[in-house]
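Visitor: Below: one structure in structure tokens.
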Amino acid sequence: MLFAVLCKDKPDHIHIRMENRPRHLEWLDGLNEKGTLKIAGPFLDDHEKPCGSMLLIEAKDQASAEAIAAEDPYGKAGLFEKVEVKPYKWLYNNPGV
């Protein structure tokens, strides 16, 4: 099952994002190697600066998806103001279909 992980950064926390980016990318690489990660990238503000993240992950259920999301180094560093994990159905342009 697919889940969208929608993360909103706390205001004025770009320094936390930049300091933790290497660990975050390493974590994403690990998810990608396992086949868990389908899509990942930052949301951008009006000045094209990162202000959040969106991941599309595969997990067996909601609890598993939330557990995966909780391991994000950005979240552990206190970057996020809000994290939502929502079931997702990929209808168009899904390379797995």
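Visitor: So, of the residues in the range 54-76 that are open to solvent by less than 30 Å² (accessible area, probe 1.4 Å) and closer than 20 Å to N94 by Cα, which turns out to be farthest from the chain's Cα centre (by Cα)?
Guide: A59
Visitor: Within the range 47-67, work out how many residues are assigned to a helix (DSSP H, G or I), aliphatic (A, V, I, L, M) and in contact with a strand residue (DSSP E or B) (Cβ under 6 Å, 6 or more places away or on another chain).
Guide: Residues of the range 47-67 that are assigned to a helix (DSSP H, G or I), as a first pass: 62-67.
Imposing the further condition that a residue be aliphatic (A, V, I, L, M) reduces the set to 63, 65, 67.
Subset that is in contact with a strand residue (DSSP E or B) (Cβ under 6 Å, 6 or more places away or on another chain): 65.
Counting residues in the range 47-67 that are assigned to a helix (DSSP H, G or I), aliphatic (A, V, I, L, M) and in contact with a strand residue (DSSP E or B) (Cβ under 6 Å, 6 or more places away or on another chain) gives 1.
Visitor: Right, next: Mind listing just one residue for me: the one in the range 77-97 that is at pLDDT 95 or above and more than 13 Å from the chain's Cα centre (by Cα) and, of those, surrounded by the most Cβ atoms within 10 Å (Cβ to Cβ)? Steps first, please.
Guide: We begin by selecting, within the range 77-97, every residue at pLDDT 95 or above; these are 77-89.
Pick out the ones that are also more than 13 Å from the chain's Cα centre (by Cα) and you get 77-78, 81, 87-89.
Details: A77: 15, G78: 11, E81: 13, P87: 12, Y88: 17, K89: 7.
Filtering the range 77-97 for residues that are at pLDDT 95 or above and more than 13 Å from the chain's Cα centre (by Cα), the one surrounded by the most Cβ atoms within 10 Å (Cβ to Cβ) comes out as Y88.
Visitor: Also: Right, K38: basic (K, R) and more than 12 Å from the chain's Cα centre (by Cα) or not?
Guide: no
Visitor: Select, from F3, F43, the only residue that is under 22 Å from K89 (Cα atoms), out of contact with any Phe, Trp or Tyr (no Cβ under 8 Å at 6 or more places or on another chain) and aromatic (F, W, Y).
Guide: Within the list F3, F43, the selection yields F43.
Visitor: Going through L44, L28 one at a time, which residue ends up being open to solvent by less than 40 Å² (accessible area, probe 1.4 Å) and without any contact (Cβ under 8 Å) to a residue 40 or more places away in the chain? Show your work before the answer.
Guide: Working: L44 fails: open to solvent by less than 40 Å² (accessible area, probe 1.4 Å).
Being open to solvent by less than 40 Å² (accessible area, probe 1.4 Å) and without any contact (Cβ under 8 Å) to a residue 40 or more places away in the chain holds for just one of L44, L28, which is L28.
The values are calculated or read from the model by the stated rules, or taken from the named source; none is laboratory data. Since this is a predicted model, take the numbers as computed values, not measurements. With ideal geometry, Cβ positions are generated from the backbone for all residues, glycine too; neighbour counts draw on all protein chains shown. Quick note on the areas: whole protein, heavy atoms, side chains included, nothing else; ligands and nucleic acids left out. Shrake-Rupley method; radii C 1.70, N 1.55, O 1.52, S 1.80 Å.
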